[in-house]
1. Just to be sure I understand, how many residues within the stretch 77-104 are touching a helix residue (DSSP H, G or I) at 6+ places or on another chain (Cβ under 7 Å) and either closer than 24 Å to residue 40 by Cα or without any contact (Cβ under 8 Å) to a residue 12 or more places away in the chain (or both)?
2. For the stretch 105-120, which residues satisfy the criterion of being out of contact with any helix residue (DSSP H, G or I) (no Cβ under 7 Å at 6 or more places or on another chain) and farther than 14 Å from residue 6 by Cβ?
3. What's the number of the only condition in (1) touching a helix residue (DSSP H, G or I) at 6+ places or on another chain (Cβ under 9 Å); (2) in contact (Cβ under 8 Å) with a residue 40 or more places away in the chain that residue 32 fails to meet?
4. Quick check on my filter: what residues within the stretch 105-145 are touching a strand residue (DSSP E or B) at 6+ places or on another chain (Cβ under 7 Å) and touching a residue at least 40 places away in the same chain (Cβ under 8 Å)?
5. Please find, within the stretch 1-10, the residue that is surrounded by the most Cβ atoms within 10 Å (Cβ to Cβ) out of those that are in contact with a strand residue (DSSP E or B) (Cβ under 6 Å, 6 or more places away or on another chain) and modelled with pLDDT of 95 or more.
């Protein structure tokens with residue numbers, strides 16, 4: 001069941017279907033990567049919704065997702081996309097680990113990638129010069145966290161009005 005969940009998750013991601021992606025997570029899920037440390041389906045699903053919306057906004061022409069080596073608890077995936085903040089093309093290389101609940105929903109999702117490699121592509125010269133520093137990583141984390149909070153608030157407002 002866990003392998004099927006991973007396959008469903010990445011199929012939805014390839015189609016930029018964040019609702020299906022969020023439905024793959026348990027209510028108390030956690031997500032961690034070099035930028036985000038999130039708890040709960042609302043925040044994890046909100047992150048994917050924000051990222052999918054950014055790809056849709058910048059145009060799907062550059063969007064590509066390659067996934068391979070899926071097991072019951074892991075996958076290797078490589079997204080190619082245009083980073084919305086700078087317009088730079090990014091090809092990230094990510095290894096994911098998953099734990100599941102008894103219903104086969106993702107309980108814990110951890111993505112690992114080389115932050116400096118990502119920063120060089122996404123941020124250009126700034127990434128080259130400072131991507132290896134804790135300072136830039138913390139700055140990116142703070143900006144991403146603020147953007148996610150705004151996105152979740154905007155999405156909540158759409159359902160309450």
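1. 4
2. Those that are out of contact with any helix residue (DSSP H, G or I) (no Cβ under 7 Å at 6 or more places or on another chain) and farther than 14 Å from residue 6 by Cβ: 112, 113, 114, 116, 117, 118.
3. Failing condition for residue 32: (1).
4. From the stretch 105-145, those touching a strand residue (DSSP E or B) at 6+ places or on another chain (Cβ under 7 Å) are 105-113, 118, 121-122; that's our starting set.
If the condition is that a residue be touching a strand residue (DSSP E or B) at 6+ places or on another chain (Cβ under 7 Å) and touching a residue at least 40 places away in the same chain (Cβ under 8 Å), then 105, 106, 107, 108, 109, 110, 111, 112, 113, 118 are the ones that fit.
5. Here the residue is 6.
The values are calculated or read from the model by the stated rules, or taken from the named source; none is laboratory data. Quick caveat, the model's predicted, so the values are computed rather than measured. In this analysis, Cβ positions are derived from the backbone assuming ideal geometry, glycine residues included, and neighbour counts consider all displayed protein chains.
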